[in-house]
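The values are calculated or read from the model by the stated rules, or taken from the named source; none is laboratory data. Everything numeric in this text was worked out from a predicted model, so none of it was measured. All Cβ positions, glycine included, derive from the backbone under ideal geometry; neighbour counts span all protein chains shown.
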Ligand SMILES: NC(=O)c1ccc[n+]([C@@H]2O[C@H](COP(=O)([O-])OP(=O)(O)OC[C@H]3O[C@@H](n4cnc5c(N)ncnc54)[C@H](O)[C@@H]3O)[C@@H](O)[C@H]2O)c1
């Protein structure tokens, strides 16, 4: 079988995850790399044995290579739209990190452009692929929880409660678009849509806890303009009422997710404690007997073969590209929808009123 030659654009933190998953997949060759920062380019390029002649500081040169089949776009949010649009024009398949764009208008344009080409694509809502989330999907789809009443979602971590962290791109609205909402919240909004359905109306409140950080060029303090926390409520389809907490100021917590879903016949709790595959957990309370005693049952997340399924986003992407199987749960359409919810939530903090998501998104 022909192997997929992959280029990675942006060689920082998340690129390591993409490259690791590429290395583990027998059908993908991590083949080319681009980073505007020569030091990152050299460091990441050397670690993943990317040939020197396939390393670039200008992504357009990488996209011009006809021997590259797909790219992973792992750059800061402000660059997602232009790089992804150029990727679509180049006819290459892509995996794009979240949030997919800075604005809903950009997300919509990218979604429509991609749809017209039929290119294989995925958005980095990587937690969908966890066995606990897949199992939750199976249980909810079977109707075992009955009619869903409530979803309580949180994605919290404590790492930003540190004044020594400088004014990185993620603290600047013009480079990141939003803070904890786009960074952490986008994952949970996607997961909620995936598991129980679409959002109707939203309202949120947000705030900045450390308002100034040291500028990277050493010229003093600069303003933090992205929110450190975002708390929200939503009504979802089928009369579901939901609450959400996304913060980077939860002392001692490290990439912690929690989703509680309650229906007329059962409850389900998904947790992820340190962001790593294998730390996902799912427990359920189904049926009158357990409900009366308040007992919860841990779900077995191993397959029939007794093995924890570690299939990654990249594995699913390769299967789709090669026509083996289509099991990519999250693509640019999902990225676009989530961007609409983000925009509605952000506007609601200004107007301090509920916003209808359908006013933002074209179906
Ligand atoms: N899916 C997830 O769980 C997850 C986790 C972390 C980050 N992310 C997303 O990944 C993206 C990158 O985040 P990160 O933490 O890796 O950031 P980072 O700052 O660690 O890395 C970004 C890299 O991109 C490079 N870069 C910037 N502009 C570029 C350009 N025009 N062309 C080529 N390279 C360029 C930078 O030099 C840097 O090395 C963000 O959109 C973020 O939201 C997703």
Residue, nearest to the chain's Cα centre (by Cα), within the stretch 85-128, restricted to residues that are within 11 Å of the ligand (Cβ to nearest atom) and assigned to a helix (DSSP H, G or I): 126
Residue within the stretch 181-191 that is on the phi < 0 side of the Ramachandran plot and in a strand (DSSP E or B) present: no
One residue from 11, 45 being in contact with a helix residue (DSSP H, G or I) (Cβ under 9 Å, 6 or more places away or on another chain), near the ligand (Cβ under 9 Å from one of its atoms) and either at pLDDT 95 or above or more than 28 Å from residue 183 (Cβ to Cβ) (or both): 11
Subset of the stretch 275-308 (residues that are surrounded by 15 or more Cβ atoms within 10 Å (Cβ to Cβ) and in contact (Cβ under 8 Å) with a residue 40 or more places away in the chain): 277, 280, 281, 282, 284, 286, 299, 301
Any hit, the stretch 63-76, residues being in a helix (DSSP H, G or I), touching a residue at least 24 places away in the same chain (Cβ under 8 Å) and either surrounded by fewer than 20 Cβ atoms within 10 Å (Cβ to Cβ) or more than 14 Å from the ligand (Cβ to nearest atom) (or both): no
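Among the residues of the stretch 307-339, what is the count of those that are under 15 Å from residue 123 (Cα atoms) and part of a helix (DSSP H, G or I)?
Here is the first cut: in the stretch 307-339, the residues under 15 Å from residue 123 (Cα atoms) are 312-318, 320-321, 326-339.
Right, trim to part of a helix (DSSP H, G or I) and you get 313-318, 320-321, 332-339.
The total comes to 16.
Evaluate the following for residue 145: is it part of a helix (DSSP H, G or I), more than 11 Å from the ligand (Cβ to nearest atom) and touching a residue at least 60 places away in the same chain (Cβ under 8 Å)?
No, not satisfied.
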